[in-house]
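Since the structure comes first, as structure tokens, the remarks are kept for the end.
The values are calculated or read from the model by the stated rules, or taken from the named source; none is laboratory data. Since the model is a prediction, treat every value here as computed from it, not as a measurement. So basically every Cβ, Gly included, is an ideal-geometry build from the backbone, and we count neighbours across all protein chains shown.
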Amino acid sequence: MTPPLALYVHWPFCRAKCPYCDFNSHVRSRIEQALWRNALLGELEHWIARLGPHRLVSIFFGGGTPSLMEPSIVGALIDRAVAAWPPADELEITLEANPTSVEAGRFRGYRTAGVDRVSIGVQALEESALRFLGREHGVEEALAAVELALTVFPRVSIDLIYARPGQSAARWEAELDRALALGTEHLSLYELTIEEGTRFHAEVAAGRLVPLPEEEQALLLELTEARTRAAGLPAYEVSNHARPGAECRHNLVYWRYGEYVGIGPGAHGRVLLDGRRRATRTLRAPEAWLAQVRSKGHGLEAEEPLEPDTQALEALMMGLRLAEGLPLARLEALAGRPAETFLDLAACRRLVDAGLILGEPDRLIATAAGRARLDGILRALLR
């Protein structure tokens, strides 16, 4: 059987840069869609030739704002990928979208192109919060986009950002309950983090913005997990909640440390080449990426073999984010040595006693409380 593979396509353009965003996104007054279609298809061909036979399990169009792509480009990339790599029985194809009227009007075009899952960047269900987050849409526009998506796509997810400055538990509970009532089977709920290089980071440094205190963030996280669990969408990952069977299959490839290839500016990958897992990264600047694809057929900036210990560490960091955890045998296979040679088993027992990980003999599973403290757990576990 050919190994499973996920494909990530990065569309780097947005209509505006949000003040919290540190993703590789760029504002351009004009985008030559045909030029980008050819370049993305060209980089896809590079990987088709290098990777050989695989079984395609998911495609994810991320950004940036992929709902600024013409549906014909999305369709062309899907068609070429599934022609080269036979799809799995439950191939999932996701596209991220912003809920503005113009982009929502393209939903049916994306569905015709083959997209069967849409992730809508609602981000907040309060008008003042949307303005604070720099979003271009209003609450009613977001609700209309979700309602339309539910009639077009078999699977719909929405994103929200909470733990905003000054946000109370009561306000977040009301907002979350409104989101749960919309009827989607998946919610991505992210605590607001202040990332370097963003406008919010500069405002915090200047004292103009005060983040929500950590203890209040922790209370909102507990509230979030309790409300989603009660609604039948338990957390299956630190920030992701879904009805059983509605988990994002593409992101599960990442968290389970599977093989995925990334195309487009700033895309990352983890691929097996010549029997070795390699980390790949493309050029971030759209124009530089475009020029290199035209000259070399790909936009690669780096391709580095990963040492066994690095692979085990990456798998541990990703796997502990999941409610299912990760098998010790998987870690040992990646590291090429027994777990006791790189994990502190005494620390593991202490973490079990503290209620931060479960005492399973063959799996490492962080509890809900542990998933809120992953950095500390990793420091304690690693020798």
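The table below gives the values:
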| quantity | calculated |
| --- | --- |
| Tabulated pairs, the range 276-292, first closer than 15 Å to Y8 by Cβ, second assigned to a strand (DSSP E or B) and of a type in the set (G, A, S), C-beta under 6 angstrom, 6+ apart or interchain | T280/G269; R281/A302 |
| Output for the range 196-232, where each listed residue is of a type in the set (S, T, N, Q) and in a helix (DSSP H, G or I) | Q217, T224, T228 |
| Matching entry among A181, A218, A149 (being of a type in the set (G, A, S) and without any contact (Cβ under 8 Å) to a residue 24 or more places away in the chain) | A181 |
| Within the range 20-35, considering residues that are touching a strand residue (DSSP E or B) at 6+ places or on another chain (Cβ under 9 Å) and assigned to a loop (DSSP other than H, G, I, E, B), the one farthest from P66 (Cα to Cα) | Y20 |
| Check on T193, within 21 Å of the chain's Cα centre (by Cα), part of a loop (DSSP other than H, G, I, E, B) and at pLDDT 95 or above | no |
| Yes/no for L223 being crowded, with 21+ Cβ neighbours inside 10 Å, farther than 30 Å from L35 by Cβ and not assigned by TED's automatic domain parsing to the domain that holds A369 | no |
| Meets criteria (under 30 Å from F200 (Cβ atoms) and hydrophobic (A, V, I, L, M, F, W, C)) for V82 | no |
| Unique residue being within 24 Å of G63 (Cα to Cα), among the acidic types (D, E) and over 16 Å from the mean Cα position of the chain (by Cα) when the list is E287, E259 | E287 |
| Failed criterion for T224 (all others in (1) within 18 Å of the chain's Cα centre (by Cα); (2) within 18 Å of L374 (Cβ to Cβ); (3) at pLDDT 95 or above; (4) of a type outside the set (D, E, K, R) hold) | (1) |
| Yes/no for I93 being crowded, with 19+ Cβ neighbours inside 10 Å, over 21 Å from R178 (Cα atoms) and either at pLDDT 95 or above or not assigned by TED's automatic domain parsing to the domain that holds L51 (or both) | yes |
| Filter result for the condition that a residue is farther than 20 Å from N251 by Cβ, surrounded by fewer than 21 Cβ atoms within 10 Å (Cβ to Cβ), not charged (D, E, K, R) and not assigned by TED's automatic domain parsing to the domain that holds S188, over P338, P286 | P338 |
| Candidates R155, R199 - the one that is buried (at least 16 other Cβ atoms within 10 Å of the Cβ) and within 23 Å of G62 (Cβ to Cβ) | R155 |
| Among the candidates V122, V118, residue that is surrounded by 17 or more Cβ atoms within 10 Å (Cβ to Cβ), of a type in the set (A, V, I, L, M), over 30 Å from E203 (Cα atoms) and assigned by TED's automatic domain parsing to the domain that holds A16 | V118 |
| Inter-residue pairs, beta-carbon under 9 Å, first over 23 Å from M318 (Cβ atoms) and in the range 226-247, second at pLDDT 95 or above and in a strand (DSSP E or B), 6+ apart | A231/H241 |
| Looking only at the range 76-94, and only at residues there that are among the charged types (D, E, K, R) and in a strand (DSSP E or B), the one that is nearest to the chain's Cα centre (by Cα) | E92 |
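Residue-by-condition table, conditions (1) modelled with pLDDT of 95 or more; (2) surrounded by 15 or more Cβ atoms within 10 Å (Cβ to Cβ); (3) not hydrophobic (A, V, I, L, M, F, W, C):
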site	(1), (2), (3)
A174	yes, no, no
L187	yes, yes, no
A218	no, yes, no
L233	yes, yes, no
E247	yes, yes, yes
I263	yes, yes, no
A267	yes, yes, no
